[in-house]
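Following: one structure in structure tokens, then a few remarks.
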Amino acid sequence: MTETRRQTVAVIIPFYNGSRYIERAIKSVQAQTIPADEFLIIDDGSTSDEAERLATIALAYGVRVGRQENGGQGSARNHGVSLTQSDLICFLDQDDFFLKNHIELLLRHIPERDPHFGWAYGELMEGDEEGHIVATSIASRYSKHPKRSIEDLLERDMHILPSASIISREAFEAVGGFDCQFMGYEDDDLFLRIFRAGYTSTFFDTPVTVWCINKNSTSYSIRMSRSRMLYIHKLCALFAADPEQRSVYIRDLIFPRFCNLIAGEAFKSIYFARYPHEIRMAQHRDELVGMLDEFAGIMGQNTRLRIEERARLKLFRLCLRPQSRRLLVVPYFFARVLRRLGLGFGRRG
């Protein structure tokens, strides 16, 4: 009887000025109970000093490094995939790290003889910037798993992290990899496209990765806000052609998912400037307030909102447009009271 060949695994880390964290990430890959067949770091146009630090660290650990002009995390991941040949792909962000049985658990949860396999993914631990554990379950707390419908993929952030997934090369290449226009939301976009292409996914609730919250990352920058708007445009274009999809997906899922988020980010840029990431975002308050107007325009072009939703959007714009912290004190007070009473604006359903 012929023994089934184990599928090979490549691990790819996109790197950008992350020498502070990269050694921890490398060690976690090299400590795997089942080792990766290929391991590659892609330097996404780091500064010369950071590139030199990476080269020194990579040489010490015997890790291969590829380089490219700065194009964002999705572009770096795509480049890394193009330089590998393994059947399966694991990504790791530079400031996160794998648990020791990351690859072993993910391989174990790939269905046997599934010709449509797309990806398997596990639970996440949350860590602080130094890697100290804050929570042992993140994905299940904030999103619904496994993903069985478009509603599951659109109604909130997916919480499917490439750093907690193993992806079929066939599926990845079939959809063209990451969309390089995004520097944020590229993960949601990728898994949505793999799902829509007919590939299957599997979730299990055992942690495989520690996701470290880093307030200096793209997730806490204006680039994430800009990428969010690009993602909303792409989603609306995807579902706008069909009247039923416009109603179900754009009005009932996309609008409630993003409306409060965009308004809240604009509000914070005006009202708060306590921490470094808030001060950075406050420098872009004009743009952030403008994004709420842009969002209203996108919704107006692609669906018909309910009366209460139009009123909410109009109220948000009216309060935020003057960009006056003083004018926001009263709305902020009442919003906090309503939230505590469970009467605040919330997601439908």
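Structural remarks
- Extension gain for the segment residue 140 to residue 104, taken as residue separation times 0.36 nm less the Cα-Cα distance, is 10.9 nm to one decimal.
- Excluding same-chain neighbours fewer than eight residues apart, the aspartates and glutamates reachable from residue 147 by a Cα-Cα span under 15 Å are 123, 155, 157, 187, 188, 189, 205.
- Taking every DSSP bridge with both residues inside the chain, close to 25 percent are antiparallel.
- The angle between the Cα long axis of helix 19-30 and the longest principal axis of the Cα atoms of the chain comes to about 50 degrees, rounded to the nearest 10.
- A simple spin-label model places pseudo-atoms 7 Å from Cα toward Cβ; at residue 219 and residue 237 they are separated by 2.7 nm.
- Exposed-site-free run, longest, the chain (rule: GluC sites (Glu not before Pro); DSSP loop; at most 11 other C-beta within 10 Å): 131-349
- Considering only 216, 78, 302, the mean-square fluctuation computed in a Gaussian network model of the chain, springs between alpha carbons under 10 angstrom, is largest for 216.
- The chain: angle of helix 307-320 to the longest principal axis, Cα-based, in degrees nearest 10: 90
- Listed candidates [x] 19.1; [y] 17.9; [z] 17.0 - label of the one calculated as mean projected area of the Cα convex hull in nm²: [x]
- The range 151-243 shape via C-alpha gyration tensor axes, a/c threshold 1.5: oblate
- Taking all protein chains together and a 1.4 Å probe, the residues 193, 67 rank 67, 193 from largest to smallest accessible area.
- Cα long-axis angle, helix 325-340 against the chain (0 to 90 degrees, to the nearest 10): 70
- Dipole-positive endmost among 329, 283, 248 within the range 237-340 (Cβ charges, Cα centre): 329
- The chain - charge dipole about Cα centre, Lys and Arg +1 at Cβ, Asp and Glu -1, debye rounded to 20: 1760
- Estimated from helical segments only, the mean residue ellipticity of the chain at 222 nm is -14000 deg cm²/dmol, where each DSSP H run of four or more residues counts as -39500 (n - 2.57).
- Per-pair calculated FRET efficiency, R0 = 30 Å: residue 181 and residue 275 via Cβ, rounded to 0.05: 0.55
- Trypsin sites (Lys or Arg not before Pro) restricted to DSSP loop in the range 237-283 with at most 13 other C-beta within 10 Å: 274
- Set of lysines with alpha-carbon distance to residue 268 below 27 Å, sequence-local pairs under 8 removed: 215, 234, 314
- Computed from the C-beta positions of residue 70 and residue 204, the FRET efficiency with R₀ = 30 Å rounds to 0.25.
The values are calculated or read from the model by the stated rules, or taken from the named source; none is laboratory data. None of these values were measured; they are calculated from a predicted model. Glycine gets a Cβ as well: all are built from the backbone with ideal geometry, and neighbour counts include every protein chain shown. All accessible areas refer to the heavy atoms of the entire protein, side chains included, with ligands and DNA or RNA removed. Shrake-Rupley method; radii C 1.70, N 1.55, O 1.52, S 1.80 Å.
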